[in-house]
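Data block below; observations after.
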Amino acid sequence: MADAKKSGLNSLRKSARGRLHLREIKGEEEFQNETVGADLRAARLRLGYDLGSVAEAIRIKVEHLKAIEEGDIQRLPGMTYALGFVRSYANFVGLGADECIRRFKAEATQRQEMRFSAITRSDEGGFPFATLGIVVIVILLSVLGWYVASMALKSGQPVVEEVTPETLLVEEPQAQPPLVTQAPEVVGLTDGKFEPFAAPLETLPDGTAWGSENFDGRIRLRAREEVWIRVEAEGRVMFERTLRPGDSYRAPKGGPILLSTRNAGALDLFVDEAYLGRVGRSGTMSAGLALSADDLAPTAQEQ
């Protein structure tokens with residue numbers, strides 16, 4: 001395959017010679033002792049190639065070959081690629097690749113030094129606009145400060161507020177009076193007998209009936225509003241939760257139960273399904289209130 005490629009390039013060179021006359025090419029002396037790009041261009045023209053033919057043969061973009069000929073290194077993708085392009089171009093037109101690469105490196109270094117020198121001279125010889133701007137800003141601020149101070153003096157007001165020991169004192173926060181809260185009323189037995197608080201029976205939506213396993217229990221509690229209760233019997237907690245309006249709990253049958261709640265007025269009390277009223281007044285708390293069906297039964301019969 002290498003022989004086929006080489007023979008194709010040779011045929012390309014031969015056919016190109018017949019298409020381009022030397023009288024169409026500028027004098028060779030214009031390109032001698034100049035840049036590597038100029039020498040490569042002169043060699044290409046001597047062989048009768050245009051840039052498109054060379055680019056297709058060595059598989060390098062036309063704009064990169066043109067940049068090499070014009071010595072415009074900034075248009076090349078990088079020094080490593082540029083050296084590879086120069087080597088391929090020099091081999092194709094029959095120039096010494098190593099010598100072309102050496103010269104190309106030297107030209108690139110020289111161009112960078114010239115560019116740096118031009119920038120340095122421009123900075124050294126140019127007008128220091130940045131420094132001038134800083135000076136102008138400082139002067140303007142000074143004039144503004146002087147103007148403010150002079151206007152304050154004319155008006156009789158001190159430029160800086162006088163600091164006295166009194167102004168440095170920090171007011172101590174006044175002690176707040178203690179918050180006095182009234183102890184909640186605790187519903188309990190009176191003379192050994194509990195009496196419910198009389199209140200009319202209200203119609204409430206049907207809620208959850210808790211304690212259905214205590215079907216033979218005589219005491220039932222019903223919530224008028226959301227309320228927390230705890231029921232103890234025989235030394236252990238039988239039931240504890242927050243009831244919603246309409247929810248009820250049937251206590252187990254047996255001796256007295258102990259009822260604790262945060263709002264005794266939110267609970268209706270039933271004994272043998274007879275309504276006795278509320279457990280207590282609204283907002284009162286019950287802590288271990290003893291409820292006995294036997295003691296409350298006569299009250300229920302009176303109702």
Part-to-part distance (alpha-carbon centres) for segment 252-294 and segment 31-61, which is given in Å: 112 Å
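Note the full-extension length gain between E195 and T208 as 0.36 nm times their separation in residues minus their Cα-Cα distance, in nm to one decimal. All intermediate terms of the calculation are to be shown ahead of the outcome.
Working: separation 13, 0.36 × 13 = 4.68 nm, distance 2.66 nm.
Answer, rounded to one decimal: 2.0 nm.
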Once you put a point 7 Å from the Cα of R111 and another 7 Å from the Cα of E34, both along the Cβ direction, what distance in nm separates them? 1.4 nm
Compute the FRET efficiency between K66 and A149 as 1/(1 + (r/R0)^6), taking r as their Cβ-Cβ distance and R0 = 45 Å, and round to the nearest 0.05. 0.10
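Ranked from highest to lowest mean number of other Cβ atoms within 10 Å per residue, what is the order of the peptides 102-114, 261-273, 245-257? Don't skip to the end; give the middle numbers.
Working: 102-114: 13.6, 261-273: 20.4, 245-257: 18.1.
Listed from highest to lowest mean packing, they are 261-273, 245-257, 102-114.
Please order V237, V227 by the number of other Cβ within 10 Å, starting at the fewest. Mind dumping the intermediate values first?
Values: V237 11, V227 20.
Listed from fewest to most nearby Cβ atoms, that is V237, V227.
Using the C-alpha atoms of segment 186-302, what convex hull volume per residue, in cubic angstrom, is computed? Walk me through the intermediate numbers first.
Numbers: hull volume 11.2 nm³, N = 117.
Dividing the Cα hull volume of segment 186-302 by its residue count gives 95 Å³.
Readers should treat all values here as calculations from the given coordinates under stated rules, not as data from a laboratory. Everything numeric here is computed off the predicted structure, so don't read it as measured data. Reconstructed Cβ throughout: ideal geometry from the backbone, glycine too, with neighbour counts over all protein chains shown.
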